[in-house]
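All remarks here apply to the structure that follows.
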Amino acid sequence: MEAFEEHRETLFRWALEVHGIEKSQRTVGLHASRGIIELLSAYLHRKKKVSDGFQLNHRWFKSENVLERLPDFENKSKVIGKMIELENLSESLAYGSQKPKETIELALKMFRDLEKEIKRLG
């Protein structure tokens with residue numbers, strides 16, 4: 001959970017409050033997807049759905065093939081579908097050309113929505 005909080009703080013304190021959203025496209029791209037993956041990992045470990053050494057890789061979340069790698073949990077398809085969208089958007093923000101402010105805001109909204117959904121799972 002500590003890793004998730006570090007990504008979250010980077011997004012909402014540094015990127016938004018200190019640096020500004022329009023100057024933080026790459027930071028948002030890198031931290032939004034990885035932060036949510038850390039949160040899912042913490043959930044899977046806490047619920048003992050994966051072994052202690054199990055690690056999630058953000059690259060797995062580029063397609064629905066990731067569903068085969070993960071154990072079942074409530075709303076798995078819905079959560080993973082949203083995480084795939086966020087990973088692909090995050091990659092575009094991190095490595096692509098400058099995007100409109102609305103696109104960066106969309107990544108942050110997706111982060112918040114997924115955070116709520118995963119925390120609701122327990």
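Summary table
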read-out: Subset of the range 93-102 [closer than 20 Å to Lys62 by Cβ and touching a helix residue (DSSP H, G or I) at 6+ places or on another chain (Cβ under 7 Å)]; value: Leu93, Ala94, Lys99
read-out: The lone exception for His58 - which of (1) within 20 Å of Glu6 (Cα to Cα); (2) modelled with pLDDT of 95 or more; (3) surrounded by 15 or more Cβ atoms within 10 Å (Cβ to Cβ) it fails; value: (2)
read-out: Condition met for Ser90 (buried (at least 19 other Cβ atoms within 10 Å of the Cβ) and either touching a Lys or Arg at 6+ places or on another chain (Cβ under 6 Å) or modelled with pLDDT of 95 or more (or both)); value: yes
read-out: Matching residues, the range 1-32, being more than 13 Å from Ile104 (Cβ to Cβ) and under 10 Å from the mean Cα position of the chain (by Cα); value: Phe4, His7, Arg8
read-out: Criterion (over 19 Å from Arg120 (Cβ atoms), surrounded by 17 or more Cβ atoms within 10 Å (Cβ to Cβ) and of a type in the set (S, T, N, Q)) met by exactly one of Ser51, Ser24, Ser97; value: Ser24
read-out: Pairs where the first residue, in the range 5-26, is more than 16 Å from Glu38 (Cα to Cα) and the second is among the small types (Gly, Ala, Ser) and modelled with pLDDT under 95, C-beta under 6 Å, 6+ apart; value: Ser24/Ala15
read-out: Qualifying residue in the range 101-113 (condition: loosely packed, with under 12 Cβ neighbours inside 10 Å, at pLDDT 95 or above and of a type in the set (Gly, Ala, Ser)); value: no
read-out: Subset of the range 45-90 that is in a helix (DSSP H, G or I) and β-branched (Val, Ile, Thr) - its residue that is farthest from Ile104 (Cα to Cα); value: Val66
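The values are calculated or read from the model by the stated rules, or taken from the named source; none is laboratory data. Being a predicted model, the structure only gives us computed values, none of them experimental. Cβ: placed from backbone, ideal geometry, glycine included. Neighbour counts: every protein chain shown.
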